[in-house]
Amino acid sequence: MAGATLTISSRNYSSWSLRAWLFCQMAGLDVEVESVSIDDPNNRAELLLLSPTVLTPRLDHDGASVWDTMAIAEYLEENFPKAELLPAERIKRAHCRSVVGEMHAGFYNLRSALPMNLRARYPGYRVFTGARSDIRRVLTIWNECFEAYRGRFLFGDRPTLADAMYAPVCTRFVTYDVALEGKAAEYRDRIMDWPPMQQWFEESKAEPIEIEELDIEF
C-alpha cells in the first residue's frame, strides 16, 4: 500500500527511527522516507538524547499523522491486523506488550552510555556500571522469551513488535563489543541478518550525517 510517509532523523544514529521503520516493514506498509535536517535543533537534541521531539519519527498515512514510536506501533497493529505484529494468543500477547513497553519507557543508562551508531566499532569498550545493569535486564527478558516460546524470535518463529523494539539494542551490542553467549548471541546475529535490518544498514551508508559528539574516539 503506497501513499504513506515516514519522517525520520537519522538512519545511523536514531534508534527510534529504526524501530518505526521496522514496524512499517512488518506491517507491509510501503512508506516514503523523509529525513529532517540535522541542523534542526529539535532533531539534534533527540539524537543526542537531550529531549524527545514530535518531529521524528512520524508516520503520515491515510489522513492520520502519528508521532512517537509506541503510538506508531499501536496504529499499525490496529490498522494492519493480518500482519500479526503482536501474538494472537492472549497471555502471550500481554507478555509481548509488556516487553515492548519496558523498552519504550526504560533503559536510560543503556541509551545514554551506548548511543546507536551503526558505522562505529569500539573493540574492548568498557561499559559503565549503570549500563551493565540495563544489559543484564535485556538479557533476562530475552532468555525468558527463549525459554517460554522456543522460537527463532522472541515470541516464536516470526518477528513481532518486540523484536523491532530490541533490534537497535542488538546494533549497540555489536558497536560496543558487548560479549554475548549462547542463544542471546544467536539472536543478536539473527536480528542483524534480518532482511529489513540489512536494507536499513545499506541505506545508512549513504547518509552524509555526522555528529561529532556521537563519533568521538574512545
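A short reminder: the numbers here are calculations on the coordinates, not readings from a lab. Just so we're clear, the structure is a prediction, and the values are computed from it rather than from any experiment. Here the Cβ is made from the backbone with ideal geometry for all residues, glycine too, and neighbour counts use every protein chain on show.
Placing a label point 7 Å from the Cα of R132 along the Cα-to-Cβ line, the residues of the range 171-191 whose backbone N sits under 14 Å from it are 178-179. Taking amide H atoms as placed 1.01 Å from N in the peptide plane, the amide H of G156 lies under 5 Å from those of G151, each 5 or more residues away in sequence or on another chain. Segment I91..F201, full-extension length gain: 36.2 nm, with 0.36 nm per residue of separation and the alpha-carbon distance subtracted. Averaging 1/r across all pairs of distinct Cα atoms in the range 90-195 and inverting the result yields a Kirkwood radius of 14.1 Å. When M70, M192 are arranged by Cβ crowding within 10 Å, least crowded first, meaning fewest neighbours, the order is M192, M70. With contacts taken as Cα pairs under 8 Å and at least 6 residues apart, the chain reaches a relative contact order of 23 percent. Only lysines eight or more places from K205 in sequence, or on another chain, were considered; those with a Cα closer than 30 Å are K183.
A simple rule links phi to the HN-Hα coupling: the Karplus curve 6.51 cos²θ - 1.76 cosθ + 1.60 with θ = phi - 60°, which for the range 178-190 gives 7, 6, 10, 10, x, 5, 5, 5, 5, 5, 3, 5, 5 Hz, with x for Gly and Pro. In this simple spin-label approximation, E181 and A71 carry label points 7 Å from Cα along the Cα→Cβ vector, and these lie 4.4 nm apart. Exposure proxy for W142, W67: other Cβ atoms within 10 Å of each Cβ, ordered fewest to most, give W67, W142.
In terms of surrounding Cβ atoms within a 10 Å radius of their Cβ, E89, E78 rank from fewest to most as E78, E89. Per-residue extension of 0.36 nm, minus the Cα-Cα distance of Y125 and D193, leaves a gain of 22.2 nm for this segment.
Amide H contacts under 5 Å for A4: E32, restricted to partners 5 or more places along the chain or on a different chain, H placed in the peptide plane at 1.01 Å from N. Summary value for the range 90-195: 34 percent relative contact order, contacts being C-alpha pairs under 8 angstrom separated by 6+ residues. Coupling constants for the range 98-109 follow from the phi torsions by the Karplus curve (6.51 cos²θ - 1.76 cosθ + 1.60, θ = phi - 60°), and in residue order they are 5, 5, 5, x, 5, 5, 5, 9, x, 6, 5, 5 Hz; glycine and proline get x.
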